[in-house]
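Have a look at the structure below, then the notes.
The values are calculated or read from the model by the stated rules, or taken from the named source; none is laboratory data. This structure is a prediction, so every number in the text was calculated from the model and none was measured. When we count neighbours, we look across all protein chains shown, and the Cβ atoms used for this are built from the backbone with ideal geometry, even at glycine. Just the protein is used for accessible areas: all its heavy atoms, side chains included, with ligands, DNA and RNA removed. Shrake-Rupley method; radii C 1.70, N 1.55, O 1.52, S 1.80 Å.
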Amino acid sequence: MDKYIVVQKFGGSSVANIDRIKAVAKRIVESKTKNNHLVVVVSAMGDTTDEIEEMAYAVSKNPPEREMDMLMSTGEQISCALLAIAVKELGHKAISFTGNQVGIRTDKSHTKARIETISGQRIHQALAEGKIVIVAGYQGVTEDNDITTLGRGGSDLTAVALAQALKARVCEIFTDVEGVYTTDPRIVPSAKKIKTITFDEMLEMASLGAQVMQARSIEVAKKYNIPIHVRSSFSKEEGTMIVETTDKIESIAVTGITSNTKEAKITICAVPDQPGIAAQIFTEVSKTGAVVDTIVQNVSHTKLTDISFTVPKNELAKALTAAKKIARKINAGEVLHDKNIARVSVVGSGMRAHHGIAAKMFQTLAKNKINIDMISTSEISISCIIKETEAANAVKALHKVFELERI
Ligand code: ADP
Ligand code: ASP
Ligand code: MG
């Protein structure tokens, strides 16, 4: 019988120190049975990536993105080599590789590069030699041999993309919680583990801030229909299966609540209310590469209007420069910004069939005296932008009112 390939990914907390690396080594040796080949993807140890990022910002306010990728990709090189050493110490065969060495070719968009192809040749060769293959997550290489990274949380993407390229039978994501929960268990300890969740719902939750999976990795999983098992690296419990459809005949209205404090708001005041102005503003901002999310334009009674929009906090500086430049050009007023905002969202594919979810969400925030600054919706989610300091309270209240503890 042909051997099948299993891809397992261990996140930062799972390899945070030497003892944990040894524990992961034991676990992967156990899971390499006679009939499978094992490819393991690792993140950097603990908070290494944050720490090295801080170092760069201590040197420069605006470090060049190519150099950031050189720097940020180093954390994974340490953890994958240490894990290979730990496996060998247990008397088993292993080899570690960087993204470059296994042929993960990306485009040139440094800090958020897209994977174009994976050759995987060295992986197949090493597997044929009976080795456990350990790959540094979160990184690739351009056609010019420059190192790139795949966006924060990008080791999830490395794992899913490898599962696709290698035609793996299973893709398991090992993390510090037992699966995907109805909301972040760090905010609501009584949150419930979800047994199965669809790609669509997981993609929405991840895009709206559920850190447990990187959103882009779910896009790839959905595109190629690769089921993912999210589970704990500290226990043997079954986790959450992320799949195309669940076996529930009708979906419940709300599956989960998310919050995201990684965005900032820019407001351009007193914008002339004329055709083509919004196009000019967002063309200028998009030139910087900043990703604009919720946009709100007020109705104008005076031929002047305010336009607000959100961007990721780490892209605020460049978006703000662009907004100020265009504001001058179109004779608009002041440009304001606010870093202390949060997006709180309710997500569920059952929303397509249930009504009154928005009303219930707004009532709950009102009862808790939380002011809504901006609102946006998709087919399966409703989001409110509120003050950052009120995010945890909003999540707790919404989790309760939508009865997610009872799932
Ligand atoms: P890793 O280092 O394994 O990649 P992450 O820190 O990226 O782990 O993601 C796991 C964390 O995601 C959990 O510790 C949890 O606090 C957070 N999280 C946020 N939302 C959710 C959710 N809905 N379900 C599970 N975990 C969540
Ligand atoms: N180490 C990278 C990060 O912290 C990638 C990952 O952990 O998935 O974003
Ligand atoms: Mg992660």
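The figures follow:
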item: Answer residue from the stretch 215-263, given it is basic (Lys, Arg) and in contact (Cβ under 8 Å) with a residue 40 or more places away in the chain and is nearest to VAL311 (Cα to Cα) among those; result: LYS262
item: Residues satisfying the stated conditions in the stretch 210-219, i.e. more than 7 Å from ligand 1 (Cβ to nearest atom) and either crowded, with 24+ Cβ neighbours inside 10 Å or under 8 Å from the mean Cα position of the chain (by Cα) (or both); result: MET213, GLN214, ALA215, ARG216, SER217, ILE218
item: Complete set of residues in the stretch 208-223 that are within 16 Å of ligand 3 (Cβ to nearest atom) and assigned to a helix (DSSP H, G or I); result: ALA215, ARG216, SER217, ILE218, GLU219, VAL220, ALA221
item: Some residue of the stretch 282-301 being part of a strand (DSSP E or B), over 26 Å from the mean Cα position of the chain (by Cα) and of a type in the set (Val, Ile, Thr); result: no
item: Candidate set: the stretch 273-299, residues that are closer than 16 Å to LYS325 by Cβ and of a type outside the set (A, V, I, L, M, F, W, C); chosen: the one surrounded by the most Cβ atoms within 10 Å (Cβ to Cβ); result: GLU284
item: When residues of the stretch 224-253 are limited to those that are charged (D, E, K, R) and assigned to a loop (DSSP other than H, G, I, E, B), the one farthest from THR175 (Cα to Cα); result: GLU250
item: Helices (runs of 4 or more DSSP H) (entirely within the stretch 308-407) containing at least 2 residues that are closer than 28 Å to LYS193 by Cβ; result: 357-367, 391-401
item: Criterion (within 16 Å of ligand 3 (Cβ to nearest atom) and in a loop (DSSP other than H, G, I, E, B)) met by exactly one of GLY75, GLY46, GLY91; result: GLY46
item: Residue list for the stretch 227-252, restricted to those being β-branched (Val, Ile, Thr) and open to solvent by 20 Å² or more (accessible area, probe 1.4 Å); result: VAL243, THR245, THR246, ILE249, ILE252
item: Which numbered condition TYR181 fails, given (1) more than 16 Å from ligand 2 (Cβ to nearest atom); (2) closer than 23 Å to TYR138 by Cα; result: (2)
item: Every residue from the stretch 58-73 that is more than 14 Å from SER155 (Cβ to Cβ), open to solvent by less than 80 Å² (accessible area, probe 1.4 Å) and in contact (Cβ under 8 Å) with a residue 12 or more places away in the chain; result: MET68, ASP69, LEU71
item: Failed item, numbered, when THR111 is tested on (1) more than 15 Å from the chain's Cα centre (by Cα); (2) over 26 Å from HIS229 (Cα atoms); result: (1)
